[in-house]
Amino acid sequence: MTRTLASSTLTLYVAHWLFKIAITPGNIATVLFFHIPLWLHAQSDVPLSTWRLHVSYNNIHSVAISGEKVFGASENGIAVLDRSENSLTTFTKLNGLYGVAITSIAFDNVTTQLLIGYRDGRIDVVKDRTVVSFDPAQNSTVTGSKKINHISIHNNLAYLAADYGVIIFDLARSEVKETWRDIGIDGTTVRVSKSTFKEDSIFLATDKGVFAGDLRQNLLDFNFWKRFDAGEFSGVIQSVEAFGQKVYATVKSLGLYRYEGGSWSKENFLQNEPLQSLNSSAASLLISSGQTLWQLDGNNVLSAVSSEKITYPNMALEGSGGQLWIADGANGIVSNAGGNFSNFLPNGPASARPSNLGYHNKSVYALGGGYSSTFAPLGNLGTIDRFSEGLWSTQRSTMLDLTSLTFDPNSDQRYIGSFGYGVEERNAENSLQIFNENNSNLVNTNPPERNVTVTAVQKTTAGLWVSNYGASQSLHLLDEGNVWTSYSFAPLASRYPVKMDVDFYGNVWLVLNPQQGGGVISYNKSENNVAYLTDIEGSGGLPSRAVLSIAVDRDGFVWLGTDEGVCYFADPQVVFSGGVNAVRPVFEDRFLLRDDRVTAVAVDGGNRKWIGTERGVWLFNASGDELIYNFTTGNSPLLSNVILDIDINHHTGEVFFATDQGLVSFRSDATESGPEFENVKIFPNPVTPEFSGMVAISGLATDAIVKITDVSGKLVWQGQANGGTVSWNVRDYHGKRPSTGMYLVFSATADGNESVAGKIAIVE
């Protein structure tokens, strides 16, 4: 199976891997890779209970070269370009790597091993299809950050520059040889960014200047280190690199320094530049600086490496024949190996850490988010990532810091909110209009700066609702006649809405910033009714004023997630009459998730509640008193337990989790449906001996009863759909797998109408 990436001139054969993990005594985990079919990762219809990692490879922070292979590391995955086969593969936590938050990679050509460093201090050593994971600091007394910042290889040893010193890893023995800790003045701990070697000496870029040591001496002793830490070298050194007979060091925003003849001197070029990294070959020194890559040759001649593909060069290496391999912050792996510069980019979202998700017309959308925890704009690019039919595509907004996305249900008209730029309206032909303080009722809350801060947009039959953060009239409506109307509410906290939803009665619910008073405003436009709901008994009775999430379920109940659990209002209309308290579900004799910050609530086709917290994901039944799943990083491929948002592809049942470390999805067994059967689908079909998962039968009428019989009419299994999908574990009532043959699927609607929904072939 092949596909061509739009960003590359090569035809790319995409392979993926399955893995087994064997834990050995001590601190080593071994992972063995095996092929699995591409459809598991590249199609929209995947088996039930299948996980997928949606890794962005746009921002490649480091590259490594080995013969015909080039490795590019993003935060959560490794892209591997095999030039001999014209293939592009990826490694992630889901298919073999130890974890997430990759910080550095390096390849040793002697032992043919790829080393991968992580933010938590662990390293993976990859050789052929085997991964061995090590934790060098597991048995140490290291406190604080253990992050691996860089990996250098010298004389069969890997030198891991870390936040607490340098770890020397023996590549032949696959063990830690020694660790240089507390090498600062008087034995203090110092952060090391990078190492380089000149003859028998090692040079370190640290937060306290450049350190140099003789490798023939006992460098465990801080007294044997020579420190260049005076003047401009008294602070943070970004990088060091040996080139020719010289050693170079970068001091950010000051310049490039050269060590020669026992002293440092400042070069007369690249002064006051945001220098980032240095890497050398026999022919040149490559210098990354902001949006420019520079090349310094042996005659001290500096030239810029120019290409529209090079946007944010994080680092670069020079391969054989002068070919450049660049880790770019927006275009993946960039190279001139084919003559002209081109980039190599596995399919994935452009945003590495989306924080806002949306669903429309069988597609899931991801936005990068617009503001920090202190409600300051982040300056994020306006990328809109769309996942459809198993593939990601990206479109750019004209605005930055996107916060919310909504669609006209009767068309592909799209509205996007921005924390600073207003609202962008875009139709199916991509013609657009920006609504801001100049052409709408939206308020600039910080003139003369551009600051039309929109936190949420919601399209309903009444029109487009917009929440305008910080404005006295914080809620606006653009009706179907293109007339703007603005609304204000008495509580001061109402000026700071952060989330919004609209219930079945047309009531607008505004979740208010907890830092500004919190609570929830519910507003009915037709009756001009307003309710301010807080934790006060009789005025909402919420578990807490710190409301963090909201969702309306299939029965019209309004669910609220707070920093002390969840609650709901079964009849949203009664909140206007006063004296009302939210219902708090009880699970295991306590209020549901009362000790958790509930950051996200989503409702699936079976009316079940997917709840995101800072301790993972929970799935409860419709009433919230029965637990179905609890996913954490310990028992699932979740990238982090901190959940930012949850949304669901209601057509397939795939649930997407935006975490603070990236995006993951899980194929559940519930889909949205209607009162009639439509396009009933059975997957997988046929069921082969190798398949041991759940068969999904989708396209059913809402909550239909499903029966499976053999061809003679004997009942094999019966169940009820979650919305429009039912799952079958391919077992009969006795727990046995049915024998080879054809089986009939019957389904009945709530009114008793029964029909043959399809056939399942089972092969044993």
Turns out the strands (runs of 3 or more DSSP E) fully within the stretch 451-569 with at least 3 residues that are open to solvent by 40 Å² or more (accessible area, probe 1.4 Å) are 529-533
Can you report the number of residues in the stretch 488-513 which are in contact with a Ser or Thr (Cβ under 8 Å, 6 or more places away or on another chain) and not basic (K, R)? 15
Are there any pairs, at least 6 apart or on different chains, whose C-beta atoms fall under 9 Å, with the first in the stretch 697-726 and of a type in the set (D, E) and the second part of a strand (DSSP E or B) and open to solvent by less than 50 Å² (accessible area, probe 1.4 Å), and if so, which? D703/N722; D703/G723; D710/V716; D710/G741; D710/Y743; D710/L744
Is there a residue being touching a residue at least 60 places away in the same chain (Cβ under 8 Å), open to solvent by less than 50 Å² (accessible area, probe 1.4 Å), closer than 30 Å to E449 by Cα and within 21 Å of the chain's Cα centre (by Cα) anywhere in the stretch 337-344? no
Would a scan of the stretch 603-618 turn up a residue that is out of contact with any Gly (no Cβ under 8 Å at 6 or more places or on another chain), open to solvent by less than 40 Å² (accessible area, probe 1.4 Å), of a type in the set (A, V, I, L, M) and at pLDDT 95 or above? yes
Complete set of residues in the stretch 570-592 that are under 18 Å from A551 (Cα atoms) and either β-branched (V, I, T) or open to solvent by 20 Å² or more (accessible area, probe 1.4 Å) (or both): A570, D571, Q573, V574, V575, N581, V583, R584
Only one of G752, G735, G741 is among the small types (G, A, S) and under 30 Å from I648 (Cβ atoms), namely G752
Is it true that some residue in the stretch 653-675 is under 30 Å from H360 (Cβ atoms), open to solvent by 60 Å² or more (accessible area, probe 1.4 Å) and touching a Gly at 6+ places or on another chain (Cβ under 7 Å)? yes
Scanning for something outside any loop (DSSP other than H, G, I, E, B), small (G, A, S) and under 30 Å from N528 (Cα atoms), does the stretch 586-600 turn up at least one residue? yes
Among (1) in contact with a Pro (Cβ under 7 Å, 6 or more places away or on another chain); (2) crowded, with 21+ Cβ neighbours inside 10 Å, there is one condition W51 misses while meeting the rest; what is its number? (2)
Here are Q271, Q238, Q245: which of them is closer than 25 Å to V63 by Cα, open to solvent by 60 Å² or more (accessible area, probe 1.4 Å) and either more than 39 Å from the chain's Cα centre (by Cα) or touching a residue at least 12 places away in the same chain (Cβ under 8 Å) (or both)? Q245
If only one of N59, N86 is modelled with pLDDT of 95 or more and open to solvent by 20 Å² or more (accessible area, probe 1.4 Å), which one is it? N59
Identify, please: which residue in the stretch 256-297 is of a type in the set (A, V, I, L, M) and not in a strand (DSSP E or B) and is, among those, modelled with the lowest pLDDT? A282
For the stretch 112-142, what are the residues that are among the acidic types (D, E), in a loop (DSSP other than H, G, I, E, B) and on the phi < 0 side of the Ramachandran plot? D120, D135
From the set of residues in the stretch 95-149 that are under 20 Å from G67 (Cβ atoms) and polar (S, T, N, Q), which is surrounded by the most Cβ atoms within 10 Å (Cβ to Cβ)? Q113
Top-ranked residue of the stretch 396-414 - restricted to ones that are among the small types (G, A, S) and open to solvent by less than 30 Å² (accessible area, probe 1.4 Å), ranked as modelled with the lowest pLDDT: S397
Limited to the stretch 730-748, what total is found for residues that are open to solvent by less than 70 Å² (accessible area, probe 1.4 Å) and under 27 Å from G605 (Cα atoms)? 8
Which residues, taken from the stretch 468-485, are touching a residue at least 40 places away in the same chain (Cβ under 8 Å) and under 19 Å from Q433 (Cβ atoms)? L477, L478, W484, T485
Tally of residues being closer than 28 Å to T633 by Cα and either touching a helix residue (DSSP H, G or I) at 6+ places or on another chain (Cβ under 8 Å) or without any contact (Cβ under 8 Å) to a residue 40 or more places away in the chain (or both) across the stretch 660-686: 0
Checking V706 against (1) open to solvent by less than 40 Å² (accessible area, probe 1.4 Å); (2) touching a Pro at 6+ places or on another chain (Cβ under 9 Å); (3) of a type in the set (V, I, T), which single condition isn't satisfied? (2)
Identify, please: which residue in the stretch 415-435 is in contact with a Gly (Cβ under 9 Å, 6 or more places away or on another chain) and open to solvent by 20 Å² or more (accessible area, probe 1.4 Å) and is, among those, farthest from N468 (Cα to Cα)? I434
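The values are calculated or read from the model by the stated rules, or taken from the named source; none is laboratory data. In this text, all values refer to a predicted model and were calculated from it rather than measured experimentally. No Cβ is skipped: glycine too gets one built from the backbone with ideal geometry, and neighbour counts run over all protein chains shown. Side chains are part of the model used for accessible areas, which takes the heavy atoms of the whole protein and leaves out ligands, DNA and RNA. Shrake-Rupley method; radii C 1.70, N 1.55, O 1.52, S 1.80 Å.
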